[in-house]
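Read the figures in this text as sums done on the coordinates, not as results from a lab. All figures in this text were calculated on a predicted structure; none of them were measured in a lab. Here the Cβ positions follow ideal geometry from the backbone for every residue, glycine too, while neighbour counts run over all protein chains shown.
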Amino acid sequence: MSAVIIRPEEPGDEAAIARVVEAAFGNPGEALLIEALRADGDVVLSLVAERDGEIRGHILFSRLFVVKDENRIPAVALAPLAVDPDHQDEGIGTALIDEAHLRLQQKGEDLSVVLGDPDYYGKFGYTHERARDFASNYQGEALQALAWNDTPLEGQLVYPRAFSALS
Ligand SMILES: CC(C)(COP(=O)(O)OP(=O)(O)OC[C@H]1O[C@@H](n2cnc3c(N)ncnc32)[C@H](O)[C@@H]1OP(=O)(O)O)[C@@H](O)C(=O)NCCC(=O)NCCS
């Protein structure tokens with residue numbers, strides 16, 4: 001098996017990304033979310049995983065705010081993460097998250113929030129404890145956060161507009 005190459009999304013990748021995301025989730029919701037986030041200019045980081053010249057995985061982070069008192073503190077929301085069902089358990093998801101986290105820290109991001117399986121995201125440092133005191137419609141065990149610097153423990157999570165259309 002050849003190495004996985006992780007690189008930023010480029011113009012022309014959209015259709016291949018949508019195919020992977022729709023296959024991974026089994027419905028078009030997340031692919032539509034990506035389109036809406038792009039259209040709204042809310043994408044902070046979008047990476048693809050290529051193996052043998054084909055896009056096999058994708059990860060996206062969008063702009064989320066933690067609103068506390070008069071402050072709007074920027075953070076990022078990890079969603080979605082998808083790996084082609086024929087290529088899962090090959091380390092592609094891990095490679096995407098690890099590279100994305102490095103790039104986010106280099107960009108000066110301080111906090112990432114995810115809604116997902118704690119057994120999976122816990123391996124990358126996300127904890128519900130770090131997100132427990134945020135006010136959010138998504139509050140619950142699946143809401144997890146990872147902080148690279150001092151950021152608020154409390155506040156209202158304000159997701160990009162596109163998330164409101166996701167059922
Ligand atoms: C979740 C997903 C991105 C993982 O990608 P991947 O490339 O298969 O993951 P990796 O190869 O890096 O890691 C595989 C490991 O994660 C585990 N894993 C995969 N999905 C998991 C889940 N939902 N919960 C817990 N562990 C999970 C595997 O069992 C495996 O464990 P091991 O390393 O102990 O053997 C991929 O399975 C996927 O696209 N799923 C459908 C879409 C989805 O649910 N996305 C996440 C939304 S929050």
Item to check | Zone of Phe25's modelled label, taken as backbone nitrogen in the range 92-128 under 19 Å from a point 7 Å along Cα→Cβ | outcome: 93-94, 96-97, 113-118, 120-121
Item to check | Kirkwood-Stokes translational diffusion coefficient of the range 5-165, alpha-carbon pairs, 25 °C, 0.890 mPa s, µm²/s | outcome: 154
Item to check | Normalised contact order of the chain, rounded percent, pairs of Cα under 8 Å and 6 or more residues apart | outcome: 22
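Would you mind calculating the gained length between Arg72 and Glu54 on full extension (0.36 nm times residue separation, minus the Cα-Cα distance), in nm to one decimal?
Value of the extension gain: 2.6 nm.
Give me the net charge for the shell around Ala31: Cβ to Cβ below 12 angstrom, other residues only, Lys and Arg +1, Asp and Glu -1.
Numbers: positive: Arg19, Arg38; negative: Glu14, Glu22, Glu30, Glu35.
The answer is -2.
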Checklist outcome for this item: Relative contact order in percent for the range 110-167 (Cα pairs under 8 Å, 6+ apart) equals 39
Item to check | Interchain or long-range residues, amide H under 5 Å from Trp148's placed H | outcome: Leu111, Ser112
Next on the checklist: Using a 7 Å offset from Cα along Cα-Cβ at Gln105, what residues in the range 39-72 end up with backbone N under 20 Å from the label point?
Outcome noted: 44-48, 59-62
Checklist entry - Stretch Arg132-Asp117 to full length: gain in nm at 0.36 nm per residue minus the Cα-Cα span? => result 3.9 nm
Next on the checklist: Restricting to DSSP H runs of at least four residues, report the calculated mean residue ellipticity at 222 nm for the chain, -39500 (n - 2.57) per run over all residues, nearest 500 deg cm²/dmol.
Outcome noted: -7500 deg cm²/dmol
